[in-house]
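Report on the structure given below.
What follows is calculated from the coordinates using simple rules that are stated; it is not laboratory data. Here the structure is a predicted model, which is why all the values come from computation and not from measurement. A quick note on method: Cβ atoms are made from the backbone with ideal geometry, for glycine too, and the neighbour counts reach across all protein chains shown.
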Amino acid sequence: MEDVEKPFEFKAVKIALPEMSRLKPGTTVLQVGASEIGFANKILFRTEPFSIKIGDKAALVGKNASGKTTFLRRLLKQEEPFKLLPGAKIAYFDQELRGLSLEETMLRNVERVNAHDKKNGDGCTGEFAF
């Protein structure tokens, strides 16, 4: 019988934070109202009302120059039509990496925007094999 190498299996990424135990499943974290998203008098797309609740998974997909970054920037500023749960924090590095310091390590960059304490931030980056 021939020896066969075991296929590589990715380890599941699990992130558990102490704050999660205080959050009630089904609580709305983000509400978005009907709106037109764009800039400089150019409408990129329209949103229908939707909400994201604790435990939901969401993806923002679209073609280049379709308004994804504009959408995220408005969300970060909590402009209309976005309403974020009080106390919720969003960490985000934009596509131009303007928030990153090239002189610092990846871990130090994450620590600057980490919404959690250092121990939890280190644990999360460790789960992603950084």
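Observations, loosely collected:
- Label-to-label distance, nm, for residues given as ALA40 and LYS119 (7 Å Cα→Cβ offset): 4.9 nm
- The stretch 26-88, Rg to Rh (Cα coordinates; Rh as Kirkwood inverse mean 1/r): 0.97
- Couplings for the stretch 35-52, taken from phi via the Karplus curve 6.51 cos²θ - 1.76 cosθ + 1.60 with θ = phi - 60°, read 6, 10, 9, x, 7, 6, 6, 10, 7, 8, 6, 10, 9, 9, x, 7, 9, 10 Hz in order; Gly and Pro are left as x.
- Pairwise FRET efficiency - ARG112 versus ILE54, Cβ, R0 = 30 Å, nearest 0.05: 0.75
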